[in-house]
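The values are calculated or read from the model by the stated rules, or taken from the named source; none is laboratory data. Bear in mind that the values here come from a model prediction, so they are computed numbers and not experimental data. All Cβ positions, glycine included, derive from the backbone under ideal geometry; neighbour counts span all protein chains shown.
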Amino acid sequence: MKIAIVGVGAMGTLIAYFLHRAGYTSWVLDDKIEQVDTIRQEGLIVEDDDGTHRIPFHTATTEPAVIGQVDLIIIAVKAYNTEQAMSGALPLVGDETVVLTLQNGLYNLETLGGLVGRNRVLGGVTAHGATQLGYGHIRHAGSGDTTIGSLSGEQHTQLAGVCDLLSASGIRTTTTNDVTGTIWSKLIINAAINPLTALTRLTNGEIIECAELLDVQKRVTEEACAVAAARGITIYYDNPVEKVKEVCRATAPNKSSMLQDILNGKPTEINYINGALVSEGAACHVPTPYNHALTRLVKALEIQGPPEVE
């Protein structure tokens, strides 16, 4: 199977590392020439609890024509770049090409489906975490399950094949008939953790040590669950509030992706996480004041730019 990963930030680098290490023919496509050149010269570098691992990686490019048509495209850009990235990657699409997204937030599946056709699109979530330390250089901050499904909710050969591919690469993966519920279940966790870390610069574990933040986290979670219920979407946690705290404890040292974006002076995915909950709530007349406030506060941080180094 010929694979192209579009975007080599933290998660794109991690996925490329796993696939290439397992011997699959994988390319990375990114619009940053300096990043592509660095990866070609220095390879992919992954740090984890077992040490630092480097593998040569020469199949990186800024030009989709160099890659040609592939069997699988994995979109690994931020949610606000999904449309632009997929539009630029259309030369990779052949008659049998499948597109997979494991991105954070809502609307990625719909955006991709509008560009390549709903029948081609697979989506899901992953519990793997990564922090980018440099071009092609990451810290693998945590492992966990990955779950994928099709937009139609059907199990089919292509879905099973991608699931097997990821699992064989070391990314333990299962399939679901309800990808929407799976994505919303992850969305609630992101909404209740990421903006709080971005606003306070605390790690995931530190935010649950503060009673005031725990109260805000609880209210954000309850709003999100109310919106999901109004939309008829299943959340796959018996107790979402406790699940959020469990994730905080399990990923205690981690800096969320939203906090990393703020520290690096980059845009965040707030519009596709808490902002999306606000929009979805408005559409079904469910109030979301806490999610609305967090969205505005994080956007104010974005305007300020990166914090000064003390």
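Take residues that are within 26 Å of N81 (Cβ to Cβ) and tell me which of the helices (runs of 4 or more DSSP H) falling wholly in the range 214-310 contain 2 or more. Walk me through how you get there before you give the answer.
Details: elements: 240-250, 257-263, 274-283, 289-304.
By residue number, 257-263, 274-283, 289-304.
Candidates V227, V179: the one that is more than 21 Å from the chain's Cα centre (by Cα), buried (at least 23 other Cβ atoms within 10 Å of the Cβ) and under 22 Å from Y107 (Cβ atoms) is V227.
If the condition is being polar (S, T, N, Q) and either farther than 17 Å from H128 by Cβ or modelled with pLDDT of 95 or more (or both), then the range 223-255 contributes T234, N239.
Considering only residues that are under 27 Å from I148 (Cα atoms) and either in contact with a helix residue (DSSP H, G or I) (Cβ under 7 Å, 6 or more places away or on another chain) or among the hydrophobic types (A, V, I, L, M, F, W, C) (or both), which ones fall in the range 62-79? Working first, answer last.
Taking the range 62-79 and keeping what is under 27 Å from I148 (Cα atoms), we get 64, 67-79.
Matches in the range 62-79: P64, I67, Q69, V70, L72, I73, I74, I75, A76, V77, A79.
Within the range 78-107, residues that are closer than 18 Å to D31 by Cα have Cβ atoms under 7 Å from residues that are among the charged types (D, E, K, R) and buried (at least 16 other Cβ atoms within 10 Å of the Cβ) in these pairs: K78/E269; A79/E269; Y80/E269, counting only partners at least 6 apart in sequence or on another chain. For G114, which of the numbered conditions (1) out of contact with any helix residue (DSSP H, G or I) (no Cβ under 8 Å at 6 or more places or on another chain); (2) crowded, with 21+ Cβ neighbours inside 10 Å; (3) not aliphatic (A, V, I, L, M) fails to hold? Condition (2) is where G114 drops out.
Starting from residues that are among the hydrophobic types (A, V, I, L, M, F, W, C) and either farther than 10 Å from R231 by Cα or at pLDDT below 95 (or both), keep the ones in the range 270-285 and report whichever is nearest to the chain's Cα centre (by Cα).
Step one: of the range 270-285, the residues among the hydrophobic types (A, V, I, L, M, F, W, C) are 270, 273, 276-278, 282-284.
Of the ones still in play, those that are also either farther than 10 Å from R231 by Cα or at pLDDT below 95 (or both) are 270, 273, 276-278, 282.
Numbers: I270: 13, I273: 11, A276: 15, L277: 17, V278: 20, A282: 25 Å.
Here the answer is I273.
For the range 185-206, the candidate set comprises residues that are touching a Leu at 6+ places or on another chain (Cβ under 9 Å), free of Cβ contacts under 8 Å to residues at least 60 places away in the same chain and of a type in the set (A, V, I, L, M, F, W, C); within that set, the residue that is nearest to R118 (Cα to Cα) is I188. Of the strands (runs of 3 or more DSSP E) lying entirely inside the range 38-134, the ones with 2 or more residues being within 30 Å of I235 (Cβ to Cβ) and β-branched (V, I, T) are found at 70-75, 93-101, 121-126. Screening R54 against (1) crowded, with 18+ Cβ neighbours inside 10 Å; (2) without any contact (Cβ under 8 Å) to a residue 40 or more places away in the chain leaves a single unmet condition, (1).
Can you say whether S167 is out of contact with any Phe, Trp or Tyr (no Cβ under 9 Å at 6 or more places or on another chain) and at pLDDT below 95, as far as the supplied structure shows? Even if it seems obvious, please write down each step before you answer.
Numbers: out of contact with any Phe, Trp or Tyr (no Cβ under 9 Å at 6 or more places or on another chain): yes; at pLDDT below 95: no.
No, not satisfied.
The listed residues are Q35, Q103, Q84, and the only one of them that is under 16 Å from the mean Cα position of the chain (by Cα), within 27 Å of I270 (Cα to Cα) and not acidic (D, E) turns out to be Q103. Of all the residues in the range 16-37, those that are part of a helix (DSSP H, G or I) and touching a residue at least 24 places away in the same chain (Cβ under 8 Å) number 10. Taken together, the residues in the range 207-226 that are out of contact with any Cys (no Cβ under 6 Å at 6 or more places or on another chain), touching a residue at least 40 places away in the same chain (Cβ under 8 Å) and more than 24 Å from Q103 (Cα to Cα) amount to 2.
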